[in-house]
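S.K.: My questions will all concern the structure given below.
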Amino acid sequence: MSLAGKRILIAKPGLDGHDVGAKIIALALRDAGAEVIYTGLRKSPEYIARVAVEEDVDAVGLSILSGSHVDLVRDTMRHLRAAEGGNIKLFVGGTIPQEDNAALLEAGAVGIFNASQRIEDVVAEMDKHLAAD
Amino acid sequence: MPPTDTPNGVLDASARRRLAREISRLATASAHSVLRAPPTSVAPPARRIGFTGPPGVGKSTLVGKLVERRAAAGTSVGVLAIDPASPYSKGAILGDRIRMDQASADPRVFMRSVSSRDSQDGMCNNVADILCAMEVHGFDEIVMETVGVGQAEHAVKALVDTVVLLMQPETGDAIQALKAGILEVADIIVVSKSDLHGAPKMREVLASTVRFGAQRAVNWTVPVIGVSVETGKGLDELEAALTAHAGWVARHRTPAETARRRATYRVQDLVLRRLEDQLATLSPDDYDLPLPELYQRVLTGLAQI
């Protein structure tokens, strides 16, 4: 498994103030060879999209624990397209009930993760999506 | 490619995208592909300021605050932040952005993090070309931040107009600075976190070191400024010093000299990378050769394109 040379933005949109999960994922991605940029807490979808484009990332991983994941994914995707970053792959992770998966996929997410998954599996799935590039 | 209208450093979505992609291309380009189409700088060039110093000294925090202030005053700024890559996975956490979020939301700011990858001097590959590619977009200023690891200070000196060296309020650092001789490259020295205990002492030690050291630049005494981003103290003084040094540069360095210095770094960087590629092609048997023959073999290999 190798994410060597891939650039990934880990971002925390919305108001929840807990980023242990985001940081753990960031470290795991780094250890898989990726260059990881982390935004810090409480960023707007517009800001995240701008950073994603400036940093020319291959993927954005949103970490959301607030429950507003569907709206935040939709907004982030809209801003990514407006910033000419519509080709950047969007992943979302956090406390996400399974029944929201369809809505998230429709909103533009390509991968959905929750706390019950093993980190290796998360990294492997991101790798699979990004390897297609 | 430069945008069609006069670039003023305020980028629309597509210019942002374009510059971002160009930086990615250059950051991973081989020496050969850079040589095929080297980016060229345009006049008038951006003022370049480099920030360097040991990890954790507060470079990103200071750069973030300073860029925020300058952008608010109408200056367009391109920021290039270089972070080290993990020697194990080659991956990296590029964390400078977290400390610059106020600044990097401003439309007059373009901010980019890059990994030092396998660069030997703490910079990133093709950094001279990346700076040129940024300059094309007409920023008033380009700010480069790099981790201070020995050679980095000298590299940054070659590429920017003004070098700001950050030191922390701990005496151990002053001794380190004297040992490594890194103080000598600084045009301005900042004692960061100056609200902390020990900062005045550190400033004193550094100021006397500067005073008693050999004066390197005519008519320029390196100022030692205590800055606390936390309280805002010292930021005005730092901006005044940056302005004063810009004036000094205008009076004492010709554009031709600056161009020559940068060209020297650029060609040296390319040759060194070519040398690394060349060394990687040697077989274990080659190392059995007597040193003069091994040396000759490497030189011969270098000459072949």
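All of the numbers you see were taken from the coordinates with simple rules; none came from a lab. Just so it is clear, the structure is predicted and the values come from calculations on it, not from any experiment. With ideal geometry, Cβ positions are generated from the backbone for all residues, glycine too; neighbour counts draw on all protein chains shown.
S.K.: Just tell me how shielded A:47-58 is by partners: mean number of partner chain Cβ atoms within 10 Å of each residue's Cβ, no decimals.
M.R.: Values: counts 3, 0, 1, 7, 7, 1, 7, 14, 9, 11, 2, 1.
Counting other chains' Cβ atoms within 10 Å and averaging over A:47-58 gives 5.
S.K.: Label chain B by shape, choosing from rounded, prolate and oblate, from the square roots a ≥ b ≥ c of the eigenvalues of the Cα gyration tensor; if a/c is under 1.5 it is rounded, and otherwise prolate applies when a/b is larger than b/c, oblate when it is not.
M.R.: Details: a/c = 1.73, a/b = 1.26, b/c = 1.38.
Since a/c reaches 1.5 but b/c is at least a/b, the shape of chain B is classed as oblate.
S.K.: In what order do A:GLU99, A:GLU46 fall by count of nearby beta-carbon atoms within 10 Å, going from fewest to most? List each step's numbers first, then the result.
M.R.: Values: A:GLU99 7, A:GLU46 17.
Ordered from fewest to most neighbouring Cβ atoms within 10 Å, A:GLU99, A:GLU46 come out as A:GLU99, A:GLU46.
S.K.: Counting each DSSP H run of 4 or more residues in chain A as -39500 (n - 2.57), what helix-only mean residue ellipticity at 222 nm follows after dividing by all residues, to the nearest 500 deg cm²/dmol?
M.R.: Working: 5 runs with 56 residues, N = 133.
After summing the helix terms and dividing by the residues of chain A, the value is -13000 deg cm²/dmol.
S.K.: Can you tell me which of A:118-130, B:88-100 comes out highest on packing, and rank the rest after it, using the mean Cβ neighbours within 10 Å? Numbers along the way, then the final one.
M.R.: Details: A:118-130: 15.6, B:88-100: 20.2.
Highest mean packing first, the order is B:88-100, A:118-130.
S.K.: Lysine pairs in chain B 8 or more apart or on different chains: how many have alpha carbons under 30 angstrom apart?
M.R.: 23
S.K.: Let me ask you something else. Calculate the mean, over all residues of peptide A:80-86, of how many other protein chain Cβ atoms lie within 10 angstrom of the residue's Cβ. Don't skip to the answer; put the middle values down first.
M.R.: On the way: counts 0, 0, 1, 6, 9, 4, 0.
Neighbouring Cβ atoms belonging to other protein chains average 3 per residue here.
S.K.: Turning to a different aspect of this structure: Give me a single rounded figure for B:21-33: the average over its residues of other chain Cβ atoms within 10 Å of their Cβ.
M.R.: 1
S.K.: Right, something else. Which aspartates and glutamates does A:LYS43 reach when only Cα atoms under 15 Å apart count, and residues fewer than 8 places away in its own chain are ignored?
M.R.: Here the aspartates and glutamates satisfying the reach criterion relative to A:LYS43 are A:ASP16, A:ASP19, A:ASP71, A:ASP75, B:ASP101, B:ASP106.
S.K.: Further question: Just add up the charged neighbours of A:LEU9: K/R +1, D/E -1, any other residue whose Cβ is under 12 Å from the Cβ of A:LEU9.
M.R.: +2
S.K.: Anyone know which of B:GLN278, B:GLN168, B:GLN102 comes out most mobile in the 10 Å Cα GNM of chain B?
M.R.: Evaluated over chain B, the most mobile residue of the options is B:GLN278.
S.K.: Gaussian network model of chain B, Cα springs within a sub-10 Å range: biggest mean-square fluctuation belongs to which of B:GLY247, B:GLY226, B:GLY58?
M.R.: With Cα springs under 10 Å in chain B, the top fluctuation among B:GLY247, B:GLY226, B:GLY58 is at B:GLY247.
S.K.: Please say if region B:232-276 is rounded, prolate or oblate, where rounded means a/c under 1.5 for a ≥ b ≥ c the square roots of the C-alpha gyration tensor eigenvalues, and otherwise the choice is prolate for a/b larger than b/c and oblate otherwise? Show your work: numbers first, answer last.
M.R.: Working: a/c = 7.97, a/b = 1.94, b/c = 4.11.
Taking the square roots of the gyration eigenvalues as a ≥ b ≥ c, region B:232-276 is oblate.
S.K.: Under 13 Å Cα to Cα from A:LYS89, which aspartates and glutamates show up? Leave out anything in the same chain fewer than 8 places away.
M.R.: Cross-link targets: A:ASP56, A:ASP58, A:GLU125, A:ASP127, A:ASP133.
S.K.: Suppose every K and R has +1 on its Cβ and every D and E has -1 on its Cβ; what is the size of the dipole of chain B about the Cα centre, in Debye to the nearest 20? Please report the intermediate quantities before stating the final value.
M.R.: Numbers: 35 positive and 35 negative charges, 104 e Å.
Roughly 500 debye for chain B.
S.K.: Quick check: residue separation of B:GLU237 and B:ILE98 times 0.36 nm, minus the Cα distance between them. What number comes out in nm?
M.R.: Working: separation 139, 0.36 × 139 = 50.04 nm, distance 2.50 nm.
The B:GLU237-B:ILE98 span can extend by a further 47.5 nm.
S.K.: Among B:GLY56, B:SER24, B:SER115, which residue has its Cα furthest toward the positive end of the charge dipole of region B:13-253, with +1 on Lys/Arg Cβ and -1 on Asp/Glu Cβ?
M.R.: About the Cα centre, the residue reaching furthest to the positive side is B:SER24.
S.K.: As a check on your grasp of the helix formula, calculate [θ] at 222 nm for chain B: sum -39500 (n - 2.57) over DSSP H runs of n ≥ 4, divide by the residue count, round to the nearest 500. Intermediate values should be presented prior to the final figure.
M.R.: Details: 10 runs with 134 residues, N = 305.
Result for chain B: -14000 deg cm²/dmol, rounded to the nearest 500.
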